[in-house]
Amino acid sequence: MNDYILSVLLGIIEGLTEFLPVSSTAHLRIAEALLNVSMVSGYWKMYTIVIQLGAILCLPVYFRARLGELFSTFPRGKRGDRTLLTHPLSLTIVAFVVTAIPSFLLVKVIGKHLENFYIMGSSLLIGGIVMWLVDAMNADSERVGRQASGSRIHTWDVEDMSLGQALWIGACQILSAVFPGTSRSMSTIAAGQLAGMSRASALEFSFFLSIPTMVVATCYDLLKSIMGKNENPIGVSQIDTHGWVVLTIGFVVSFIVAYGAVAWFIAWVRRRGFAPFAVYRIIVGGAVLVWASRLPG
């Protein structure tokens with residue numbers, strides 16, 4: 001397949017799946033297998049990092065006004081009832097640290113799982129069931145709204161989050177690092193809902209948490225690749241003009257598609273919830289497991 005067309009296709013897949021709760025890692029691996037292309041070389045490993053960075057950078061652009069509000073109200077919050085430890089920005093960093101340290105220590109375990117279709121399929125399937133059940137548990141409370149008595153939901157805005165909720169969400173995010181196919185978005189959203197957060201607040205915090213989590217992880221992988229510390233490393237000086245064009249196409253396409261996906265996802269969730277994504281995960285996860293069972297070896 002032509003490298004430019006391949007770059008567009010992979011950029012679209014990355015942009016669509018990075019922030020939806022369906023696992024971009026699994027979808028890129030599935031696409032690689034279905035398109036019968038090999039992405040094990042140092043250049044294509046770097047390419048996957050670059051297109052992920054393109055998707056990530058859409059978040060500070062999309063949420064620029066909201067992030068500006070959070071920074072301007074730090075540390076007291078817009079209502080003046082937050083502290084240095086309970087402001088949304090602080091809680092984001094707390095959740096990030098809870099995820100980052102164990103994930104870094106488990107980096108060798110994570111690497112062994114990245115290519116395993118059985119793990120991806122199982123993670124997609126189990127994650128879909130969990131997401132469906134959790135969203136169903138909160139559905140009645142979401143319909144009634146803030147005024148409902150005895151509601152499972154007690155956190156309707158990110159500004160009302162507690163330190164315990166941030167710690168719990170950060171801990172659950174580790175699952176997405178260890179088991180590809182789990183989806184960082186799914187694990188943090190479902191964790192937030194289990195901890196009594198509304199769909200909107202859990203989704204918003206998931207987006208905020210993804211910024212430091214993904215920027216640090218992606219830049220770390222990119223640095224290792226450039227410095228020759230990855231398997232099949234590649235230096236910047238080794239990339240020719242054709243290679244830079246392919247990287248640029250993937251980066252730009254991923255950014256644009258991810259921006260549109262984020263805008264659509266937020267609007268959808270506020271009206272209809274996560275059930276369709278859970279069903280999609282279950283179907284794809286089951287299909288991947290059947291497919292994996294038929295692969296040679």
Original post:
For the range 164-297, what's the relative contact order in percent, using C-alpha pairs closer than 8 Å and at least 6 residues apart?
Top reply: 15 percent
Subject >> Dipole magnitude of the range 165-297 about its Cα centre (Cβ charges: Lys, Arg +1; Asp, Glu -1), debye to nearest 20 >> reply: 460 debye
Original post:
Where Rh denotes the Kirkwood radius from the mean inverse Cα pair distance, what is Rg over Rh for the range 9-59?
Top reply: 0.95
Original post:
All other residues with a Cβ under 12 Å from the Cβ of residue 117 taken together, and with Lys, Arg as +1 and Asp, Glu as -1, what is their net charge?
Top reply: 0
Original post:
If you compute percent of Cα pairs over 37 Å apart for the structure shown, which of (1) 27; (2) 14; (3) 21 do you land on?
Top reply: (2)
Subject >> About the Cα centre, charge dipole magnitude for the chain (Lys/Arg +1, Asp/Glu -1 at Cβ), debye >> reply: 440 debye
**OP:** Give, rounded to the nearest 20 debye, the magnitude of the charge dipole that the range 1-159 has about its Cα centre when Lys and Arg contribute +1 at Cβ and Asp and Glu contribute -1 at Cβ.
**Re:** 440 debye
**OP:** Can you tell me the 0 to 90 degree angle between the C-alpha axis of helix 275-293 and the longest principal axis of the chain, rounded to 10?
**Re:** 30 degrees
**OP:** Using label points projected 7 Å from each Cα along Cα→Cβ, tell me how many nm separate residue 39 and residue 267, to one decimal.
**Re:** 2.8 nm
Subject >> Backbone HN-Hα couplings from phi across the range 245-252 [Karplus 6.51/-1.76/1.60, Hz, Gly and Pro as x] >> reply: 5, 4, 4, 5, 4, x, 4, 5
Original post:
So what does the Cα-only Debye profile of the range 1-108 read at q = 0.21 Å⁻¹, as log10 I(q)/I(0), no solvent term?
Top reply: -1.15
**OP:** For a quick protection proxy, order the peptides 181-190, 45-54 by their average other-Cβ count within 10 Å, most packed first.
**Re:** 181-190, 45-54
Original post:
Any idea of the accessible area per residue across the chain, 1.4 Å probe, to the nearest Å²?
Top reply: 46 Å²
Original post:
Sorted by average packing, counted as other Cβ atoms within 10 angstrom per residue and highest first, what order do 92-100, 80-88 take?
Top reply: 92-100, 80-88
Original post:
Taking the range 39-169 as the region of interest, what is the percent of Cα-Cα pairs per 5 angstrom bin, listed from the shortest bin to the one with the maximum distance?
Top reply: 2, 8, 10, 12, 17, 18, 15, 10, 6, 2, 0, 0
Original post:
Classify the range 121-223: rounded, prolate or oblate, from the alpha-carbon gyration tensor (a ≥ b ≥ c, eigenvalue square roots; a/c under 1.5 rounded; otherwise prolate if a/b is larger than b/c)?
Top reply: oblate
**OP:** Would you mind checking the radius of gyration and Dmax of the range 160-295 based on alpha-carbon positions, in Å?
**Re:** 18.2, 51
Original post:
In whole angstrom, how far apart do the alpha carbon centroids of the range 148-201 and the range 68-96 sit?
Top reply: 17 Å
Original post:
Going toward the positive end of the dipole of the chain, with +1 on Lys and Arg Cβ and -1 on Asp and Glu Cβ, which of 15, 225, 154 do you reach last?
Top reply: 154
Original post:
Once phi is turned into θ = phi - 60°, what whole-Hz ³J(HN,Hα) does the Karplus curve with 6.51, -1.76 and 1.60 give for every residue of the range 10-16, x standing for Gly and Pro?
Top reply: 5, x, 5, 4, 4, x, 6
Original post:
Once the other residues with Cβ under 11 Å from the Cβ of residue 214 are scored (Lys, Arg +1; Asp, Glu -1), what is the net sum?
Top reply: -1
Original post:
Considering the dipole of the chain built from charges on the beta carbon (Lys and Arg +1, Asp and Glu -1) around the Cα centre, which of 120, 53, 196 is farthest to its positive end?
Top reply: 196
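The values are calculated or read from the model by the stated rules, or taken from the named source; none is laboratory data. What you see is a predicted model; the values in this text were computed from it and never measured. Virtual Cβ from ideal backbone geometry, glycine too; neighbours counted across all protein chains shown. In case anyone asks, the SASA skips ligands and DNA or RNA and just uses the protein heavy atoms, side chains included. Shrake-Rupley method; radii C 1.70, N 1.55, O 1.52, S 1.80 Å.
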